[in-house]
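Below is one structure, written out as structure tokens, with a few remarks after it.
The values are calculated or read from the model by the stated rules, or taken from the named source; none is laboratory data. Just so it is clear, the model here is predicted, and its values are computed rather than measured. Every residue, glycine among them, receives a Cβ derived from its backbone with ideal geometry; neighbour counts consider all protein chains shown.
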């Protein structure tokens, strides 16, 4: 994780050489997410349920920008056994840290409307798990992922939509092998320029 943060910081320094003149925004946000798994367990199937996140990011740059943040994230998924005898929710909570590189396709200064495209990487540090007879030890403690997304700015308000693919398996036990997670995140908030 230290390497990930170090490389992200160095990338921001390379892409944003004049930090003193760069635009700086603080962006508190709340949102919802939907998480599905790439595989179903051998004895049943899973389906996405609504989760949520709250936190914020700091954006630095102008047309090309870097953005980093931290969110408290709750993800939920429902499991149903093949014989419908066992049904439970897999609820995973943790701290999600995204690192983003983005580009303004349309700046909001002239029209009060902005359009952004972005991509990046994130890590979800799992803090709690509630999943029937499974415990936190049955899940990987850090879930790494990559994502692509788009954002719409209207005056000081924004909405972001991103799709994330995990690079690591969700669980660490064969009894609940669901592969990797795939998540849709929708965030809304305000941009506070400094």
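Descriptive notes on the structure:
- Residue 147 vs. criteria modelled with pLDDT of 95 or more, closer than 28 Å to residue 60 by Cβ and surrounded by 15 or more Cβ atoms within 10 Å (Cβ to Cβ): yes
- Per the listing 105, 161, the residue uniquely at pLDDT 90 or above and either exposed (fewer than 13 other Cβ atoms within 10 Å of the Cβ) or more than 19 Å from the chain's Cα centre (by Cα) (or both) is 105.
- One residue alone among 139, 132 is over 23 Å from residue 68 (Cα atoms), in contact (Cβ under 8 Å) with a residue 40 or more places away in the chain and surrounded by 20 or more Cβ atoms within 10 Å (Cβ to Cβ), and that residue is 139.
- The listed residue being in contact (Cβ under 8 Å) with a residue 60 or more places away in the chain, in contact with a strand residue (DSSP E or B) (Cβ under 9 Å, 6 or more places away or on another chain) and closer than 30 Å to residue 103 by Cβ, out of 117, 188, 150: 188
- Residue pairs whose Cβ atoms lie under 9 Å apart, sitting 6 or more positions apart in sequence or on different chains, and linking a residue in region 100-113 that is at negative phi and in a loop (DSSP other than H, G, I, E, B) to a partner that is at pLDDT below 95 and surrounded by fewer than 13 Cβ atoms within 10 Å (Cβ to Cβ), are 107/62; 107/63.
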